[in-house]
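> Take this structure first; my questions come after.
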Protein chains: 2
Amino acid sequence: MSHYQFKTAGPLPPPALAPNKVRLFQVDMNPYGHRVLLILDAKRAKYEVYEMDPLRLPEWFKANNRRCKIPVLEVHTDHADKCLFESVVICDYLDEKYTHNKLHSSDPFTKAQDRLLIERFNELIKGSLECFDTNFVFGGQQILQTLDIFEKELVTRGTNYFGGSRPGMLDYMIWPWVERLYLVRVVAEKKFDEKRGAYPNFADWADQMQLDEVVKKHARSPQEYLDYYKNARTLSMSYYL
Amino acid sequence: MSHYQFKTAGPLPPPALAPNKVRLFQVDMNPYGHRVLLILDAKRAKYEVYEMDPLRLPEWFKANNRRCKIPVLEVHTDHADKCLFESVVICDYLDEKYTHNKLHSSDPFTKAQDRLLIERFNELIKGSLECFDTNFVFGGQQILQTLDIFEKELVTRGTNYFGGSRPGMLDYMIWPWVERLYLVRVVAEKKFDEKRGAYPNFADWADQMQLDEVVKKHARSPQEYLDYYKNARTLSMSYYL
């Protein structure tokens, strides 16, 4: 049975937004939406979440979003309620819009470096997709090569988090996929713990991230992820990722 | 003969940067580097250009840039001279670093929209590459669909430029490929002028952009582009684009 069986959006769009609120159109368990949820809470934004079934997107949703991109952030503007796409663009927008808890570095060079690392992290995301397609050798290599870069980056920075003494934009942007990596531990505990030793700083970073209040609020257990991806694979729904 | 025959970089890297300067490693006629040149001048940054031959990149250049990305911006930091990649990241960095002539909108929502449009413009870039590969039908469609979106956006904004009353980040980010589109006029003048009529606001915008001092400084003629791409195709060097 699809994970989204009971999450059908209604035939009518939700009402207009209150001026001080934003609305996230999201698919449960989607890591890109997970990014936005982390930033919404890290910035203490007032928001509501509209859960979608990716298999049954309503017509009113598709009308303004022909490419059916998810997540979408609906924002109140002077003219109308308007939509933003792309998790990175949405999160940067939120960081600029809400002044509480600046997540990007105020140093333009560090900020640019962080943006390049967020882009570099896409190779770990691709690696995860390869693993989902049961190409474990190639996917695993992509994941480990990326972890190596982030391990070295933490050593170079000499800080607990990529953002310094607390999680910043780069920390939250990569977190959803790192949280999901722990599902490997459920099926191969020994192998996972061995690999952990090769990335000691990154492993410590991940341990600390799990204690962050914002991360905790949106966390799922490794077993939940495992069940979810098993189900998704049975149904051949790679876009669930 | 390769366009870059006489542009071999030396066996040694250039000297350390002066603290108030940046250095652009660039390949002549490369549109992504063209983007950075426009922003460097729009921001009145002090810079020097290091011209590379893409067929013969020196070892010292590849050592810090294993993926051989071009353009690269070298920046003086407190620790060392460091490199930034990706034209969009470099240009956003320059906009934040140099306060003269703010190019991104100060409104976070407009800035986010502009970033999405810069990304959407990639389809015109892909279309141009398809045309280079002589797939004119498919490539042409991608180009016209993108122009349609930008035409409508100008109408919605009701301004001369995407940035308002003067060129902003979005204007400069898309310009290099629009400047190159004029080469079509050299080979098919009537067809080009007919198509122009379908995008009247965009055509006016392009006419005005050509009068901008920054654009003029880095402009090449349609004939120059045509000769360059003919030569590149003869040599099967699609990465020249």
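The values are calculated or read from the model by the stated rules, or taken from the named source; none is laboratory data. Keep in mind that what you see is a predicted model, and the values were worked out from it rather than measured. Neighbour counts are summed over all protein chains in view; Cβ atoms, including those assigned to glycine, are modelled from backbone coordinates with ideal geometry. Side chains are part of the model used for accessible areas, which takes the heavy atoms of the whole protein and leaves out ligands, DNA and RNA. Shrake-Rupley method; radii C 1.70, N 1.55, O 1.52, S 1.80 Å.
> Kindly indicate which of A:TYR172, A:TYR161 is more than 14 Å from chain B (Cβ to nearest Cβ) and touching a Leu at 6+ places or on another chain (Cβ under 7 Å). Reasoning before the result, please.
Working: A:TYR161 fails: touching a Leu at 6+ places or on another chain (Cβ under 7 Å).
On inspection, the qualifying residue turns out to be A:TYR172.
> Additional query: Does A:ASP133 satisfy being modelled with pLDDT of 95 or more and either touching a His at 6+ places or on another chain (Cβ under 9 Å) or open to solvent by 20 Å² or more (accessible area, probe 1.4 Å) (or both)? First the steps, then the outcome.
Details: modelled with pLDDT of 95 or more: no; either touching a His at 6+ places or on another chain (Cβ under 9 Å) or open to solvent by 20 Å² or more (accessible area, probe 1.4 Å) (or both): yes.
So A:ASP133 fails the test.
> Listed residues B:LEU116, B:LEU40; which is touching a strand residue (DSSP E or B) at 6+ places or on another chain (Cβ under 8 Å) and more than 14 Å from chain A (Cβ to nearest Cβ)? Outline the logic, then answer.
Numbers: B:LEU116 fails: more than 14 Å from chain A (Cβ to nearest Cβ).
None of the others qualify; the one that does is B:LEU40.
> Considering segment B:169-220 alone, what residues qualify as being open to solvent by less than 40 Å² (accessible area, probe 1.4 Å) and outside any helix (DSSP H, G or I)?
Selection gives B:TYR182, B:ALA188, B:TYR199, B:ASP212, B:HIS218.
> Related question: Inside segment A:78-90, can you point out the residues that are surrounded by 20 or more Cβ atoms within 10 Å (Cβ to Cβ) and more than 10 Å from chain B (Cβ to nearest Cβ)?
Once the filter is applied, which keeps residues that are surrounded by 20 or more Cβ atoms within 10 Å (Cβ to Cβ) and more than 10 Å from chain B (Cβ to nearest Cβ), segment A:78-90 yields only A:SER87.
> If a residue must be at the interface with chain A (Cβ under 7 Å from one of its Cβ atoms) and buried (at least 17 other Cβ atoms within 10 Å of the Cβ), how many such residues does segment B:97-110 contain?
2
> Which residue pairs have Cβ atoms under 6 Å apart, sit 6 or more places apart or on different chains, and have a first residue in segment A:42-67 that is on the phi < 0 side of the Ramachandran plot and a second that is assigned to a loop (DSSP other than H, G, I, E, B) and aliphatic (A, V, I, L, M)?
Correct list of pairs: A:MET52/A:ALA9; A:MET52/A:VAL27; A:PRO54/A:VAL27; A:PRO58/A:ALA9.
> Condition check: part of a loop (DSSP other than H, G, I, E, B) and either under 18 Å from the mean Cα position of the chain (by Cα) or at pLDDT below 90 (or both). Does A:GLY10 satisfy that?
Yes, satisfied.
> Working only within segment A:14-57, note down all residues that are surrounded by fewer than 18 Cβ atoms within 10 Å (Cβ to Cβ), in contact with a Ser or Thr (Cβ under 6 Å, 6 or more places away or on another chain) and basic (Lys, Arg).
A:ARG56, the sole residue that qualifies.
> Of everything in segment B:66-77 that's away from chain A (no Cβ under 12 Å) and not β-branched (Val, Ile, Thr), which residue is least open to solvent (accessible area, probe 1.4 Å)?
Step by step, filter segment B:66-77, then rank; the result is B:PRO71.
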